[in-house]
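J.: First the structure, then my questions, so here it is.
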Amino acid sequence: MRRIGRTDLSRVARPGQFVANTVIVGGVGNLVLLISVARVVAGGDSLFPPSEAGIWIMLALVVLDGVHTGITRRGLYVPGAMASVAISYGLLIVHGWVLASLVQAVPVLISCAARRDSTWRVAYIIGHYVLAFLAADIVLQLCGVRPERAQTRELAAADLPAVLVAGVAMVCVSQCIGWLLRASWRGVSPRSLAGEEIRSRCVAHGALIVLAPLIAIVAHANPWALPLFAAPLYSIHQTTRVTFDREQEVRHDALTGLPNRRLLLEHGDRALRKSGGTGRVALFLLDLHRFHEVNDTLGHLAGDRLLHQVGQRLLGVVGGDDTVARLGGDEFAVLMPDLGEPGGRDPLASSAAAEKLALSLARQVVEVLGEPFELDDLSLDIEVSVGVAVFPDHAGDMAGLLQYADVAMYLAKRLRSGVELYDPARDVNTREKLLLLGDLRRALDVQQVELHYQPKVSFTTGRVDGCEALVRWCHPDRGYISPEEFVHLAEETGLMPRLTRYVVDEALSQVARWHEQGIDVPVAVNVSARDIHAPAFADTVAAGLRRHGVPAAALHLEITERVLLEEPQRAADSLDALRKLGVRLSLDDFGTGYSSFVHLRHIPVSEIKIDRSFVARLTVDEEDAAIVRSTVDLAHSLGLRVVAEGVEDDATWDRLRDLGCDSAQGWLIARALPRDEATAWLVRHGVGARMAPSRRVPDLPAAVPPQASAPPAAVPTMPQPSVPTLPQPTVPQAIVPPQATVPPPAMPRADRARPPHRPTRVTG
């Protein structure tokens, strides 16, 4: 591990600059001081004139200051932390920079010894004071004020302007040197660091510069009165220290020392103003995955150390003008102004180029943070999600950038994609979507949302063996809203449980009405993982069954394997409770996403539904056919039924029948029908009887099978024209809806009451 003294360079954002700054300042400053001291000694002069009582009194005061600084363990770069600077500068005014440097070295040595600082740190601090005092002495010489080393020089009123100018030069050199070093440590630009601290520094050092001439005058007139300055110097020291600490707390994170949200917003507003509306500024928002596990397992101290390492690693990957901030918890932010082409950060770069560069830089951040972190003897790997927003493409101010980067970050976290650029189409918090969400809530209140039912037919018997309930919403102003749009919106905003309860209740109500009319057909309802994870979901279903007087076997719930990906034990308990009720479970979208027969051992399902992505090309793609054949064989070996979704032509029907599939669902049989049309269709096609539908004959309605039982008296029978049947009556064929001769395109499958977590499209 690389070190300089006791300083671990792995914690330094720019170790090369840090070491170079330390060596140059410490080496040059101490070398100049040693040469000057050698010349004085070689000339036979005394470094400390014994006859000047004021020098010894000042020396005693700075010794006390050094002891106080060492005991309080305050850093030497806190403004006004060393009140001895005012005494040393007063000594410089009347005795020159060499004596002032030697006197200032005394409190530095005492405080560093008390803190057990390394040699390089002591050399650097002394060197930086030497260079600052030398700059002040040069200004005094240029202004005609020449201090005398051997005796106390009387300060005239005409010398005060030169003394004040020299004091400003001393402070500027001292602070610039300090800012350069600390900027390399933190990985920020010296300019931004100066912008944060310049106000408090000016107040602190301004007071010291004003006191220094008074100290010089008193040293000449009555040196024994010098101890009276201890009280005002200590007061200035305490006031400036408290002020600085408060400003640091307000603008910096106490744990990592990085800027906090307030300072990030200040830097961001400055960057946006500087861009002039033509340049581009990127904001990254980062979140660490499972950070709470580190705290729970290793303790909060280990978690704090990990956060500090994350901050330092971020500082090492960004540029000098970029800002790394910690927003709280395990969230960090990176602000990148003047975003442009990689070669020169061209502010006039196009939107596409700027977004491409931002994504590239964000992936670099993910890659760097993906390397192991060392905590004692442990090597920890963490995963991070980054959301990216770009000004002015996504927002016109910092508040908007933070909001949209946060949206993108949570999307990246949910998708496990690592990096996501803000996309308004995937933002559920836009004004339009919030209005649509309110309309959806009201639509549920007034029962404006309705269910359509799509039948399923058995290959072996040719009979209708169930319907699937698909949700539809006709907006009063916008017309029919895509189910993919409003179901996704409900899932993202927490409205999904209410929508599912509504759909289940409506489906049970329809099943009860059908039972009254003699139509005995089960209905399947899609439920989301969030519903299954709800503590009382099984109780809610049981209450609905009792309320409508419907047997549990009449309700089928279609779930996906997503229910086992989060909180698997809670999901298993909920599914087991549903099974005990007698509700049948189907595994939907089988063959996509994380589908695996391993999951069938943990989910008490009675059937699986093959996704339409395999069914659609079944007759032209042998690989899809092989997948379907294997799925059917394995499902049957486990005692499960198999339903094929998206059956839209006769060839697909025949192939699925040959492969041994149990049931089919799709436009070949019927589209999703509104409640009344679905009732008429079920009556017309003789639910419970064998169906022998015709081949496709244009403009010809479906035939009523000869075996169909008569409908109940409460529902009028619709007359049907006779249609010739196939020679093999046991093979059901297409049932053509009266209003269409060819099946329309498939609708998005998100019209089901479940989250559209996969880009799956089936009939509906």
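J.: Test of understanding: among Val503, Val527, Val487, Val464, which residue is within 21 Å of Gly549 (Cβ to Cβ) and either in contact with a strand residue (DSSP E or B) (Cβ under 7 Å, 6 or more places away or on another chain) or crowded, with 24+ Cβ neighbours inside 10 Å (or both)?
T.: Of the residues listed, the single one that is within 21 Å of Gly549 (Cβ to Cβ) and either in contact with a strand residue (DSSP E or B) (Cβ under 7 Å, 6 or more places away or on another chain) or crowded, with 24+ Cβ neighbours inside 10 Å (or both) is Val503.
J.: Next question, about the same structure. If you scan the stretch 530-577, which residues turn out to be more than 30 Å from Lys413 (Cβ to Cβ), touching a helix residue (DSSP H, G or I) at 6+ places or on another chain (Cβ under 9 Å) and among the small types (Gly, Ala, Ser)?
T.: Ala542, Gly544, Gly549, Ala552, Ala554, Ala577
J.: Taking the condition of being assigned to a helix (DSSP H, G or I) and among the aliphatic types (A, V, I, L, M), how many residues in the stretch 361-410 meet it?
T.: Residues flagged as assigned to a helix (DSSP H, G or I) and among the aliphatic types (A, V, I, L, M) within the stretch 361-410 amount to 14.
J.: Being of a type outside the set (Asp, Glu), in contact with an Asp or Glu (Cβ under 7 Å, 6 or more places away or on another chain) and either touching a residue at least 12 places away in the same chain (Cβ under 8 Å) or within 23 Å of Val449 (Cβ to Cβ) (or both), is that true of even one residue in the stretch 499-518?
T.: Checked against the condition, which is being of a type outside the set (Asp, Glu), in contact with an Asp or Glu (Cβ under 7 Å, 6 or more places away or on another chain) and either touching a residue at least 12 places away in the same chain (Cβ under 8 Å) or within 23 Å of Val449 (Cβ to Cβ) (or both), the stretch 499-518 yields at least one hit.
J.: Let me ask something else about it. Residues Leu265, Leu306, Leu233: which one is touching a strand residue (DSSP E or B) at 6+ places or on another chain (Cβ under 7 Å), in a helix (DSSP H, G or I) and touching a residue at least 60 places away in the same chain (Cβ under 8 Å)?
T.: Leu306
J.: For Leu258, state whether it is of a type in the set (A, V, I, L, M, F, W, C) and crowded, with 19+ Cβ neighbours inside 10 Å.
T.: Here the answer is yes, as Leu258 does meet what is asked.
J.: Here's something else I'd like to know. With the requirement that a residue be farther than 22 Å from Glu622 by Cβ and of a type in the set (Val, Ile, Thr), what does the stretch 652-688 give you?
T.: Scanning the stretch 652-688 gives Ile669, Thr679, Val683, Val687.
J.: Tally the residues that are at pLDDT below 70, assigned to a helix (DSSP H, G or I) and crowded, with 18+ Cβ neighbours inside 10 Å, restricting the search to the stretch 45-83.
T.: So the count comes out to 1.
J.: Give the residue that is modelled with the lowest pLDDT, with candidates limited to residues of the stretch 312-334 that are within 14 Å of Leu263 (Cβ to Cβ) and crowded, with 23+ Cβ neighbours inside 10 Å.
T.: For the stretch 312-334, the residue satisfying everything is Asp322.
J.: Test Ile481 against the criterion of being in contact (Cβ under 8 Å) with a residue 40 or more places away in the chain, among the hydrophobic types (A, V, I, L, M, F, W, C), over 24 Å from Thr560 (Cβ atoms) and in contact with a helix residue (DSSP H, G or I) (Cβ under 8 Å, 6 or more places away or on another chain), and give yes or no.
T.: It is false that Ile481 is in contact (Cβ under 8 Å) with a residue 40 or more places away in the chain, among the hydrophobic types (A, V, I, L, M, F, W, C), over 24 Å from Thr560 (Cβ atoms) and in contact with a helix residue (DSSP H, G or I) (Cβ under 8 Å, 6 or more places away or on another chain).
J.: Under 6 Å by Cβ, and 6 or more places apart or on different chains, what pairs join a residue from the stretch 289-301 that is over 17 Å from Lys413 (Cα atoms) with one that is among the small types (Gly, Ala, Ser) and surrounded by 15 or more Cβ atoms within 10 Å (Cβ to Cβ)?
T.: Val294/Gly303; Asn295/Gly303
J.: Mind checking whether some residue in the stretch 476-490 is assigned to a helix (DSSP H, G or I), among the polar types (S, T, N, Q) and modelled with pLDDT of 85 or more?
T.: Taking every residue of the stretch 476-490 in turn, none turns out to be assigned to a helix (DSSP H, G or I), among the polar types (S, T, N, Q) and modelled with pLDDT of 85 or more.
J.: Next question. Only one of (1) in contact (Cβ under 8 Å) with a residue 40 or more places away in the chain; (2) loosely packed, with under 15 Cβ neighbours inside 10 Å is not met by Val449, so which one is it?
T.: It fails just one condition, (2).
J.: Going through the stretch 452-478 one residue at a time, which ones are more than 13 Å from Ala672 (Cα to Cα), in contact (Cβ under 8 Å) with a residue 60 or more places away in the chain and not hydrophobic (A, V, I, L, M, F, W, C)?
T.: Result: Ser458, Thr460, Thr461, Gly462, Arg463, Asp465.
J.: Could you go through the stretch 550-558 and let me know if any residue there is at pLDDT 85 or above, surrounded by fewer than 18 Cβ atoms within 10 Å (Cβ to Cβ) and within 21 Å of Ala490 (Cβ to Cβ).
T.: No; the residues of the stretch 550-558 include none that is at pLDDT 85 or above, surrounded by fewer than 18 Cβ atoms within 10 Å (Cβ to Cβ) and within 21 Å of Ala490 (Cβ to Cβ).
The values are calculated or read from the model by the stated rules, or taken from the named source; none is laboratory data. None of the values given here were measured: they were computed from a predicted structure. Note: ideal-geometry Cβ built from the backbone for every residue, glycine included; neighbour counts use all protein chains shown.
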